[in-house]
Amino acid sequence: MNILVTGGAGNIGSALVDRLVSDSGYRVFVLDNLLTGSLSKLPQQKDNFTFVKGDANIDSTVSELMHSMHFDCVFHYAAVVGVQRTLENPVMVLNDINGFRNILDLSRATGVKRVFFSSSSEVYGEPVEFPQNEHTTPLNSRLPYAIVKNVGEAFCRSYHKEYGLNYTILRFFNTYGPRQSEDFVISRFIQQAIEGKDITIYGDGKQTRTFCYIDDNIETTLSCLRNDLLINDVMNVGSADEITILDLARLVIRILNSSSKIKFLPPLKEGDMTRRKPDNSKMLSILNRPLISLEEGIKRTLQFRKS
Ligand code: NAD
C-alpha cells in the first residue's frame, strides 16, 4: 500500500509516519515544506520511506509526486498552525485552501482510495454547547484558521458527493507529545519549567482545554485505516477531561519539581476560546481502551525528551 502523508515532518504527521513505516506492507512518502516541521522528526534509513521537500499548496509539486506514485491513501496533514502564527499570517492560512483542491483533484485523478483530512476543534469556534458533538454542534468558525478547516471539510464532502472520492475527517483537539513545537501550550510550559523561567499564561488562566496524548491520536487513526472504519464520516479526536490552563501550569510545575513562577499576561485579543470539550464517544469505541491521562502523557513526553 502506497501512502502519502503531507505535513509528515510535523508533530502528529511524523508520529503517524513512524508507526506506518514499522509495517513493511506500507510504502510511505512524506511531502513537507518544513515550515514548522523538521527532518529530525522523520525516520532515518528506512527502505519503505521517502521524504519529498515541497509545498502541498503548489499544484506542480503535488502533481508530479501523485502521478508518479499512484497512492492508495493520503493523509493531508499539512497546514499553517499555531494560534499566534495563524493570527499574524491570515493570508498564508487561506492559501491552504489551494492544498485541498490540489490533493483532492489529484486523488481523484490518480485513484486514491481514501483521503484523511486533519481538521480541528477550532471549527466549533466559540462554543455553544458541551460536549461538542460531530453531528449536532453547530460550526461557529470565524477566524481564518478555523474557516479554512471548515472549507477543507466541505471540500472532502463535495468531492465524495460529486466524484465518489472517500474521505475521513479527523477533528483534532489539542494533541501533545514529545515532538510538539513550542507554538503549543504544553511544550511551552514544559520548556519554561525546565529552564526555571516564568510560566506565562494569557488572561486569568480559567480558560479550559482538553489534552490528548499523541499515541491515542495515532492508534485511533491507524485503526480507522486498517479496519476500514469511519469512511465518509467525521470524528472528534481528543480527550474529554477538562483542565484550566492555570491548573495545567501547576501540574507541569509539580511534575517537574520546578522553581518556575506563574505569570499572567494580558488576554489574547482573539483566538483563545473559553472552553472546549469533545464528545469523544466515537473515538473511544474505535480505540477500545481508556485514554492516557494528562499526568502520564506529560511524564512520557519528558521521558522522550531525556532519551
Ligand atoms: P506541525 O506544525 O507539527 O505539523 C504541520 C506540518 O505541515 C509541518 O511539518 C509543516 O512544515 C507542514 N506544512 C505546513 N504547510 C505546508 C505546505 N503548504 N506544504 C507542505 N507541508 C506543509 O503541527 P501538528 O500539530 O502536527 O498538526 C498537524 C495537523 O493537525 C495540521 O493540519 C493541524 O492543523 C492539525 N491539528 C493539530 C492539532 C494539535 O493539537 N496538534 C489540533 C487541531 C488540528
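Values as computed for the structure displayed
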| read-out | value |
| --- | --- |
| Reference-scaled alpha-carbon Rg (2.2 N^0.38 Å with N residues) for region 1-146 | 1.09 |
| Relative contact order of the chain, defined on C-alpha pairs under 8 angstrom at six or more residues apart (%) | 17 percent |
| Tensor-based shape of the chain (alpha-carbon gyration tensor, a/c under 1.5 rounded, otherwise prolate or oblate) | prolate |
| Rounded percent of accessible protein surface that carbon and sulfur make up, region 148-307, 1.4 Å probe | 49 percent |
| Potential extension, Glu195-Glu219 segment - 0.36 nm per residue separation minus Cα distance | 5.4 nm |
| Ordering of 16-27, 36-47 by burial proxy (mean other Cβ atoms within 10 Å per residue, highest first) | 16-27, 36-47 |
| Within-11-Å neighbourhood charge of Phe51 [Cβ basis; K, R +1; D, E -1] | +2 |
| Calculated SAXS-style log₁₀ I(q)/I(0) at q = 0.14, 0.20 Å⁻¹ - region 142-237, Debye, Cα scatterers | -0.72, -1.10 |
| The chain - accessible surface per residue (Å², probe 1.4 Å) | 44 Å² |
| Gyration tensor (alpha-carbon) shape descriptor, region 25-108, a/c threshold 1.5 | oblate |
| Beta bridge orientation in the chain: antiparallel %, DSSP, nearest 5 | 10 percent |
| Shape call, region 76-150: gyration tensor on alpha carbons, a/c limit 1.5 | oblate |
| Counted charge near Ser181, where neighbours are those whose Cβ lies closer than 14 Å (Asp, Glu -1; Lys, Arg +1) | +2 |
| Centroid-to-centroid separation of region 1-15 and region 76-148 [C-alpha atoms, Å] | 17 Å |
| Share of carbon and sulfur in the accessible heavy-atom surface of region 13-65 [1.4 Å probe, %] | 44 percent |
| Average projection area in nm² (convex hull over Cα atoms of region 204-282, one quarter of hull surface) | 7.0 nm² |
| Region 182-234: projected area of the alpha-carbon convex hull, averaged over directions, in nm² | 5.5 nm² |
| Computed over region 194-303: relative contact order in percent, which uses C-alpha pairs under 8 Å that are six or more apart | 45 percent |
| Loop trypsin sites (Lys or Arg not before Pro), region 129-158, which have at most 15 other Cβ atoms in a 10 Å radius of their Cβ (DSSP) | Arg142 |
| Of all DSSP beta bridges in region 1-87, antiparallel share, percent nearest 5 | 0 percent |
| CD proxy at 222 nm, helix term only [per DSSP H run n ≥ 4: -39500 (n - 2.57); per residue of the chain; nearest 500] | -12500 deg cm²/dmol |
| Sum of side-chain charges, Val83 neighbourhood, beta-carbon under 10 Å (Lys, Arg +1; Asp, Glu -1) | -4 |
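The values are calculated or read from the model by the stated rules, or taken from the named source; none is laboratory data. Keep in mind it's a predicted model, so treat the numbers as computed, not measured. Reconstructed Cβ throughout: ideal geometry from the backbone, glycine too, with neighbour counts over all protein chains shown. For accessibility, only protein heavy atoms count, side chains too; no ligands or nucleic acids. Shrake-Rupley method; radii C 1.70, N 1.55, O 1.52, S 1.80 Å.
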